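Reviewing the structure listed below.
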Amino acid sequence: MRQQRLQGLIVGSRQHQQDLIRALNVLPIRPVIDKFFPLVDLAEAFRLQQAGGHFGKICLEF
C-alpha cells in the first residue's frame, strides 16, 4: 500500500468565500513569494518545497 495524502482548504460557506474574494480584490494583501523557477527547473522547485526551507510561495514561470 502506498502512502497518500489529500490536502485541501476549507473556505466556509459560499457567501464567506465570495466575501473573501471581494476583500482580497480591495485590500492590499499580497502573497509572500519565496522564489521563482522557470518551468524547466520544476524538479528543483519540488525539492525546495519538500525540504521545507522556503518561506512563502514557490512560483513557476512559463
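Just so it is clear, none of the values below were taken in a lab; they were calculated from the coordinates. Because the structure is a prediction, the values reported are computed rather than measured. Using ideal geometry, Cβ is built from the backbone for each residue, glycine included, and neighbour counts are taken over all protein chains shown.
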Problem set entry | 5 angstrom amide H check on His54, placed H, neighbours 5+ away | none
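For a quick check of your reading of the filter: which trypsin sites (Lys or Arg not before Pro) in the chain sit in a DSSP loop and have no more than 15 other Cβ atoms within 10 Å?
Details: sites: Arg2, Arg5, Arg14, Arg22, Lys35, Arg47, Lys57; in loops: Arg2, Arg5.
Here the sparse-neighbourhood loop sites are Arg2, Arg5.
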For this session: Rounded to the nearest 10 degrees, what's the angle between the helix 14-26 long axis and the longest principal axis of the chain, both from Cα atoms, 0 to 90?
Result: 80
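I'd like the FRET efficiency for Arg22 and Gln50, computed as 1/(1 + (r/R0)^6) with the beta carbon distance as r and R0 of 35 Å, rounded to 0.05.
Values: r = 35 Å, r/R0 = 1.00.
FRET efficiency, Arg22 to Gln50: 0.50.
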For this session: Find the percent of Cα-Cα distances in the chain that exceed 14 Å, and round it to a whole number.
Result: 72
Exercise. Residue separation times 0.36 nm, minus the C-alpha to C-alpha distance between Ile29 and Ser13: what's the value?
Worked result: 3.6 nm
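With charges set only on the Cβ (+1 for Lys and Arg, -1 for Asp and Glu), what does the dipole of the chain come to about its Cα centre, in debye to the nearest 20?
In total the dipole reaches around 240 debye.
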